[in-house]
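The structure under discussion appears below in the form of structure tokens.
The values are calculated or read from the model by the stated rules, or taken from the named source; none is laboratory data. Computed from a prediction, not measured in an experiment: that's the story for all the values here. Cβ sites come from the backbone with ideal geometry, for glycine too, and all protein chains shown count toward neighbours. Areas reflect the complete protein model, heavy atoms only, side chains present, ligands, DNA and RNA absent. Shrake-Rupley method; radii C 1.70, N 1.55, O 1.52, S 1.80 Å.
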Amino acid sequence: MPAAVSTFVGRDAELAQLAGALVRHRIVTIVGPGGMGKTRLATEACARLADRFPGGVLRSELAQVSPRAEIGDEVAGALGFPSLEALLVGLGDAPALLLLDNCEHVLAAARRLGARVLDASPRLRLLATSREPLALDGEQVLVLGPLALPQSSDPRDLESASATRLFEDRARGAGASLDASPAELAARAELCRRLDGVPLAIELAAARARSLTSVEILALLGRRFDLLARREPVGLARHRSLRAAIDTSYELLDAGEQRFFRALGVLGGPFSAALAHAVAAPEGADALATVDLLARLVDRSLVVAEAAGGATRYRLLDSLRDYAAERARDAGEWDADADRFVRAMLAEADAIVATGSVRWTSELLARVLAHFDAIAAAIERAIEVDADAARALRLLLPLWAATHQGRASEVAAAGERVLARWPAG
Ligand SMILES: Nc1ncnc2c1ncn2[C@@H]1O[C@H](COP(=O)(O)OP(=O)(O)OP(=O)(O)O)[C@@H](O)[C@H]1O
Ligand SMILES: [Mg+2]
């Protein structure tokens, strides 16, 4: 297996979890969005666990394999065997570990191959990485999340959080001399947060650190897809830019899923299935169809689902949301999507105000806080697409209730933006 040349950062808990899962299960799949570090974690685990597998550790890299029904012979060939049959004989019955790396574009073929090798070699363990689970019998899915982010911009926090450590390591490696002023440290912490703790995005940002300060990189993040791209063609094509990394996932969606995903780009903050339905579903669609679409995007690691207080909340990583929004604008759908979103949040805002005018309760305050980010995002959309201030002002009304909940500055900022857009309003 080729050894990694760059330093490996963090992931102690994930490595321990993976080591344990490979004791208990025959097939483990590391799943997560593009660039989250699935391949790097898997190869690191293979290197560390090699002693456990006297039959050998084999890695098959599938990123370059073109989609087709059977990939067994090609995989065997790359591993130095004349055919899949020869590979199965070669694996024998000594404990061995086979890594099928980057499976998402050949899922069905990888599933068949996996089932075949597990069946033929009773002591073989299979480790796969994929943006989507293989859906193989007995598969244990390990969902890989972001690198740890710093809690504050204290230098010790930046030193101990793996996201900022990766940034600093790669920036220094590129010849940057990092400045440790408070503004720079704060910008670096915020940069890693805005990049969702995704290692690929952090590495691409760090590649800019030789000619830009962290404050400057952060200021340019509104154009993240132009900023986060390598000029020299090294490594996997899909890792040369943040856009390319997401393109490969987007292109695996069917047309209906792509349209739905684009429309989700208009939402701000976490959202419910009901809101996704109101904003992103085709006219007249069944609510259950929206739940299915969300489930498919969760499977493909494009949407995160989190259960909280008995309800599922969905969200998009910032980069994925910006990508979806960019695609929606290119497709000429943005204004209509923004209008649907504003209307959905207006219904919520009006209902809160109407209920509150009768009696103000702690439940109502909780409702304001739960919808705060979405209403604030709807105000931004109204500022962008509306001809007058009417809807933006109506959206602002319920937010006043949150000014005593530590959100006064956000409410004030939203109000100022509305007044700046419509000075006479
Ligand atoms: N823990 C880590 N320490 C250091 N570098 C990392 C770490 N995790 C990921 N990286 C780096 O981030 C980049 C992306 O990681 P990786 O290729 O593992 O992502 P991936 O999840 O497999 O992406 P894809 O879905 O496109 O296959 C690589 O350059 C990798 O070396
Ligand atoms: Mg990978």
Heavy-atom accessible area per residue - the stretch 15-129, 1.4 Å, Å²: 40 Å²
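What FRET efficiency comes out for the pair Ala308/Ala285, r = Cβ-Cβ distance, R0 = 25 Å, nearest 0.05?
With R0 = 25 Å, the Cβ-Cβ based efficiency is 0.45.
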Accessible solvent surface per residue of the stretch 262-342, calculated while the other protein chains remain in place, 1.4 angstrom probe, Å²: 42 Å²
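Just to be sure I understand: if I project the alpha-carbon convex hull of the chain onto a plane and average over all orientations, what area do I get in nm²? Kindly include the intermediate steps, with their values, before the conclusion.
Numbers: hull surface 93.9 nm².
Taking a quarter of the hull surface, the average projection is 23.5 nm².
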Those residues of the stretch 380-394 whose amide nitrogen sits under 17 Å from the label point placed on Leu365, 7 Å along Cα→Cβ: none
Gain upon complete extension [Arg52, Arg329; 0.36 nm per residue less C-alpha separation]: 94.6 nm
Protection proxy ranking of 95-106, 11-22, 324-335 - average other beta-carbon atoms within 10 Å, highest first: 95-106, 324-335, 11-22
Within the chain: Cβ-based charge dipole about Cα centre, in debye rounded to nearest 20 (Lys, Arg +1; Asp, Glu -1): 500 debye
Spin-label pair Ala108/Ala255, simplified geometry with 7 Å Cα→Cβ offset, distance in nm: 2.0 nm
Whole-number D in µm²/s for the stretch 254-325 (Stokes-Einstein; Kirkwood sum over Cα pairs; 25 °C, 0.890 mPa s): 204 µm²/s
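If the chain between Ala135 and Ser272 were fully stretched, how many nm would it gain, using 0.36 nm times the residue separation less the Cα-Cα distance?
Working: separation 137, 0.36 × 137 = 49.32 nm, distance 2.60 nm.
The Ala135-Ser272 span can extend by a further 46.7 nm.
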Listed residues Glu283, Glu74, Glu251, most fluctuating in the chain (Gaussian network, C-alpha, under 10 Å): Glu283
Arg343-His25 pseudo-label distance in nm [points 7 Å out on the Cα-to-Cβ vector]: 4.3 nm
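How much length, in nm to one decimal, is gained on full extension between Thr355 and Ala13, taken as 0.36 nm per residue of separation minus their Cα-Cα distance?
On the way: separation 342, 0.36 × 342 = 123.12 nm, distance 4.65 nm.
In short, 118.5 nm is gained.
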Measure of compaction for the stretch 231-291 (Cα Rg per 2.2 N^0.38 Å): 1.45
Semi-axis lengths (Å, descending) of the ellipsoid that matches the C-alpha gyration tensor of the stretch 316-425: 25, 16, 14
Considering only the chain, percent of DSSP beta bridges that pair antiparallel, nearest 5: 25 percent
Convex hull of the stretch 12-143 built on C-alpha atoms - directionally averaged projected area, nm²: 7.0 nm²
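Based on the Kirkwood radius over alpha-carbon pairs, what is the Stokes-Einstein translational diffusion coefficient of the stretch 155-245 at 25 °C with 0.890 mPa s viscosity, in µm²/s? Before the final figure, lay out each step's value.
Working: Rh = 13.0 Å.
Using the Kirkwood radius from Cα pairs, D works out to 189 µm²/s.
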